[in-house]
Every structure is written in C-alpha cells, then in structure tokens.
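The values are calculated or read from the model by the stated rules, or taken from the named source; none is laboratory data. Keep in mind that this is a model prediction, so the values were computed, not measured. Note that we place each Cβ from the backbone using ideal geometry, even for glycine, and neighbour counts take in every protein chain shown.
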Amino acid sequence: MTLADFQLVRPASLPEALAARRAYPGARLLAGGTDLVPNLRHGIGEAAVLIDLTAVPRLRELTVEPSALHIGAAVTLDRLATDPMIAQHAPALAEAARQIAGATHRTVATIGGNLCLDTRCLYYNQSAWWRQSNGFCLKYRGERCHVAPEGNRCRAAYSGDAAPLLLTLGATVELADGTGTAWVDLESIFRDDGAAHLRLGEDQILLAVRVPIRSGLVAGYEKARLRDAMDFPLAGVAVALRRENDRLAELRIAVTGTSSRPVLLTDCEALLGRSLDAELLRQIDKLVQRQVKPMRTTLIPAHSRRRMAAALAVRLVRRLWSC
C-alpha cells in the first residue's frame, strides 16, 4: 500500500523537537522508520505529521563516561554492532544488535526505535483488508482482542531485541519534555498492555540510554525465530551473570517476544551462591517457564515459545559461565 499524505517536520535541535511535539499533537516520531513506515503502509495507525529526529545532534552521540556508556537514541544499530567502543565496553550489546533485522535495516534503524518498537500480533500485523474482514482488533479500531476474546486488554507481544539485554545490564534512559530531562530505569517505560505498552507522554522524547560498565559481569543475548535473518523473535532471552570463583554471585534474566513488555525475571537471587551443575540449570529452566507466559500471538504455539525461552536461558548460562 502507498503511504497516505503526511507532513514531515525535521527539527535541528532538541528545543525545536520538543516544540514540534507540542505544536503537533498526535504526531509520530521518526528515526530509521523500519517499523513505523511498514506499519503505516499497511494502514496500521495514522500519521498526519511525522517528526524526523535524525537531524538532532544530541541524539546521535556515543560516548564513554567514567562508569557507563552514553548512547543517543538515534545511534544506529549498525553502529552498535560495529563500533570498537561498544565492542570493548558492552560486547553483549553488539551481539544483540547484530541479531536485529537485516544488515541494510540496521544502517538506518536506531536503538531508540528498537526500544520503542510497536507490539506485534498475528491478528494485527496484516493487510488492511485482512484486518477489516476480522472486525479489526482491540489494538486498533476494534473492540476485542482475538487472542483473548474474554479479556479487556490487548495481548500483542513486544519484540524489541535490545530491551532485554539492556535490562539485564541495569540500563537507564533519559527522557525529555517541556519541563526538562530526567533519567529513569528502563523497565519503568514499559507496561503490560499491548495496545499502550509505552509509558511515554505525548510531549516526551527518548533521548539516550546509559549502560553501566562493570568488570566481572558477562552477558549475552540469543533468540529463536523462523529465519536466521530479519525475523522478530518468537522468544528472545538475555542473561547477565557474575562468578566468584566457582559460585554464581549475580544473575539477571530478561525475555522478549512473549509478553506485551520485556520481562525481567524475579527470584533469580534464590539461585545465587551455587555452582553450575545439572540441578542449577534445571532450576533456571523452571524459573523461566514459571514466569514466561506467551499468548497465541504468532503461528508458533505458546507453550513451544515458553520452552524455547527456557532452553535459551539455560544455553546462555552454560556459555557465559565459561567466559
């Protein structure tokens, strides 16, 4: 489908971008556009005004602070995948970036766009005529969720690859609005509602990500998908762990592609102080399967995606233990 007519606004500074946010209520923010533009072509959502943020210099900054990486929201995924600074201080982030979409997508897709990725569902990411024939859905123009018809909220799944890895690393994000800027925990910008999964206000802009640099902590990300390139995760898992001699001193696990927000698992601390053995891996498998509860948002059965997530977590712990 062709794009409907729209007005493009391209601010050259952060004050101009915030002013455009206020001047055009309902405008959509655009960076790489690899998620937004295909959706608009399919008639998913509307945009009379697009605000292109790629000319704002502050959003393209990538620097090393004394104890953290500072990554502007408009830094491309290709830069994250190839920059020596990322490879040195956050190699797991480069690993995750290389698994997102295809190589050409990554040259324009941004870290901020991946964090703010729209949720996805078998009943939502279809052509306009397909969705209309099914009475649309609760996420857009419809009155019920086809995944959970008896429920009262959308179950579309969040599928961003960067978020789970950044959650395990303890990342924070910088938000700006008309009153100033503030750093908040990354986890706080998400909520478990597929139709409104971001807690960002109409006047807010995601400016940057700060990733703590910590010695001794190793991390990784893996995902299951139908094809080894381009596809969104059916289940994506990030793990960060730290060893003290032969004991597990720290463990964080996060999952994407299975819920309407990225899920940072709880109760990992109960596994600390133990050596890596078959029983510890079995407990990790149980922990993931107990907390990850996919719905029927893809062609793959939900129970299979739950088991995929558990298997990926166990595999990652095995790999990272030897790093």
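Run down Gly236, Gly257 and say which single residue is buried (at least 22 other Cβ atoms within 10 Å of the Cβ) and touching an Asp or Glu at 6+ places or on another chain (Cβ under 8 Å).
Gly236
All but one of (1) closer than 24 Å to Leu167 by Cα; (2) touching a helix residue (DSSP H, G or I) at 6+ places or on another chain (Cβ under 9 Å) hold for Tyr123; which doesn't?
(1)
Looking only at the range 33-45, decide whether some residue is small (Gly, Ala, Ser), at pLDDT below 95 and surrounded by fewer than 15 Cβ atoms within 10 Å (Cβ to Cβ).
yes
Being of a type in the set (Ser, Thr, Tyr) and under 19 Å from the mean Cα position of the chain (by Cα) is the filter here, so list the residues in the range 62-103 that pass it.
If the condition is that a residue be of a type in the set (Ser, Thr, Tyr) and under 19 Å from the mean Cα position of the chain (by Cα), then Thr76 is the only one that fits.
Given Leu207, Leu165, which one is among the aliphatic types (A, V, I, L, M) and within 21 Å of Leu264 (Cα to Cα)?
It is Leu165.
Residues being of a type in the set (A, V, I, L, M), surrounded by fewer than 19 Cβ atoms within 10 Å (Cβ to Cβ) and assigned to a helix (DSSP H, G or I): count how many of those fall in the range 286-313.
2
Yes or no: the range 255-265 includes at least one residue that is modelled with pLDDT of 95 or more, over 16 Å from Pro164 (Cα atoms) and not assigned by TED's automatic domain parsing to the domain that holds Asp118.
Within the range 255-265 (the criterion being modelled with pLDDT of 95 or more, over 16 Å from Pro164 (Cα atoms) and not assigned by TED's automatic domain parsing to the domain that holds Asp118), the answer is no, since none of the residues qualifies.
Scanning for something crowded, with 21+ Cβ neighbours inside 10 Å, in contact with a Pro (Cβ under 8 Å, 6 or more places away or on another chain) and not in a loop (DSSP other than H, G, I, E, B), does the range 5-17 turn up at least one residue?
yes
For (1) of a type in the set (A, V, I, L, M); (2) buried (at least 24 other Cβ atoms within 10 Å of the Cβ), each residue gets a yes or a no:
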| residue | (1), (2) |
| --- | --- |
| Gly113 | no, yes |
| Asn134 | no, no |
| Gly142 | no, no |
| Arg155 | no, yes |
| Leu165 | yes, yes |
| Thr179 | no, no |
| Ala208 | yes, yes |
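Considering only the range 22-39, I want to know if a residue exists there that is touching a Ser or Thr at 6+ places or on another chain (Cβ under 9 Å), assigned to a helix (DSSP H, G or I) and not assigned by TED's automatic domain parsing to the domain that holds Met230.
Checked against the condition, which is being touching a Ser or Thr at 6+ places or on another chain (Cβ under 9 Å), assigned to a helix (DSSP H, G or I) and not assigned by TED's automatic domain parsing to the domain that holds Met230, the range 22-39 yields no hits at all.
Can you name every residue in the range 214-226 that is charged (D, E, K, R) and either crowded, with 19+ Cβ neighbours inside 10 Å or within 20 Å of Ala302 (Cβ to Cβ) (or both)?
Glu222, Lys223, Arg225
Among the residues of the range 139-148, is there at least one that is part of a strand (DSSP E or B) and either in contact (Cβ under 8 Å) with a residue 40 or more places away in the chain or among the hydroxyl-bearing types (Ser, Thr, Tyr) (or both)?
yes
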